[in-house]
Structures are given as structure tokens and as C-alpha cells.
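The structure appears below as C-alpha cells.
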Amino acid sequence: MSMNELRTITTQQVQEMHNSLELQYWTRLSEMRNRYESTLQ
């Protein structure tokens, strides 16, 4: 395996990690907003 291949693999993994973290963040955010709106009603 060459260094280039290694770099590509790590970049992909970092990208996927970032995506899943972002997804978790937005999910949490929308949950909080829903809870907040339901307390207002």
C-alpha cells in the first residue's frame, strides 16, 4: 500500500466521521427545538 492510498483512506474516514458527527448534532438540535416548542404550547 502506498502513502497516497493511505492518505486517501484516512481522508475518507475523517470525512465520514465528520458527517456522522454533524448528523448527530443536527438530530440533537431538532430534538431540543421540538421539546422547546412543545413546552410553549
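Every number here is computed from the coordinates shown, using simple stated rules; none is lab data. Keep in mind that what you see is a predicted model, and the values were worked out from it rather than measured.
List of remarks:
- Cα-based helix-to-principal-axis angle, 3-40 vs the chain, degrees rounded to 10: 0 degrees
- Each 5 Å bin from 0 upward holds the following percent of the Cα-Cα pairs of the chain: 5, 21, 13, 13, 11, 8, 9, 6, 5, 4, 2, 1.
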